[in-house]
Amino acid sequence: MFSKEEAQRIKREFWITFAQEYPRKWLLHNTKIKDFAFKFYCDNKKAQVLLDIECKDDEKRKIYFEKIESLKTILLEEHLPEAIFEREYYLENGKLISRIWVELTGVSINNKNSWPQIFDFFANHMTQFELFYYEYEDYIKDLEINT
């Protein structure tokens, strides 16, 4: 096991290395939809590329999720065949969100040998998420258009 300081150093080095190897601006929080963000996540067991819908207004959260869900076939067939859809996902802190994600298991942020595999996974899958989002952005953003 690593000390807390060592774990933080490794984590910092991981993200710096990823940014150096893939020096591009990712969409992430710049969706222009409040509390609707793409995220990278990695721990000592898995890596994930996430779309978290965290609207405080439950109705808005449901509408955004249903909009993505109405495009599920396209997302799965053309971009991310292994995407997982979770209408009601509870974070560790108990907060209820909606989440769509892809996951790579058997990798660890603490194992530098798995970093290239994680970085490739991040880049490929986030790119596919972004392409999907940009293609359907107007539909997703417009709350007046129902699913």
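Observations on the structure shown:
- In this simple spin-label model, placing a label point 7 Å from the Cα along the Cα-to-Cβ direction at both Glu69 and Leu28 gives a separation of 2.9 nm.
- Along the chain, longest interval not containing exposed GluC sites (Glu not before Pro), exposed being DSSP loop plus at most 12 other Cβ atoms within 10 Å: 1-81
- Quotient of the Cα radius of gyration of the range 1-106 and 2.2 N^0.38 Å, N being its number of residues: 1.21.
- Student exercise, the chain dipole from Lys, Arg, Asp, Glu Cβ charges, in Debye to nearest 20: 600 debye
- Sequence-distant aspartates and glutamates (8 or more away, or on other chains) whose Cα lies within less than 15 Å of Lys60: Asp35, Asp52, Glu69, Glu88, Asp142, Glu144
- The trypsin sites (Lys or Arg not before Pro) of the range 68-140 meeting both criteria, a DSSP state outside H, G, I, E and B (loop) and at most 15 other C-beta atoms within 10 angstrom of the site's C-beta, are Lys95.
- Between the C-alpha center of the range 23-82 and that of the range 111-139 there is a gap of 11 Å.
- With the charge dipole of the range 4-141 set up from +1 on Lys and Arg Cβ and -1 on Asp and Glu Cβ about the Cα centre, the Cα lying farthest toward the positive end among the listed residues Asn30, Met126, Val49 is that of Asn30.
- Applying a threshold of 19 Å to the alpha-carbon distances of Lys67/Lys141; Lys62/Lys95; Lys25/Lys72; Lys11/Lys46; Lys11/Lys56 flags Lys25/Lys72; Lys11/Lys56 as lying beyond it.
- Of the trypsin sites (Lys or Arg not before Pro) in the range 1-32, those whose Cβ has at most 10 other Cβ within 10 Å and which sit in DSSP loop: Arg24, Lys25, Lys32
- Computed over the chain, relative contact order equals 26 percent, with contacts defined as Cα pairs under 8 Å that lie 6+ residues apart.
- q = 0.18, 0.19, 0.22 Å⁻¹, the range 56-138: log10 I(q)/I(0) [Debye, one scatterer per Cα]: -0.90, -0.96, -1.11
FYI, it's all coordinate maths here, none of it is from the lab. These numbers come from a predicted model, not from an experiment. Here Cβ is always computed from backbone atoms with ideal geometry, including for glycine, and neighbour counts include all displayed protein chains.
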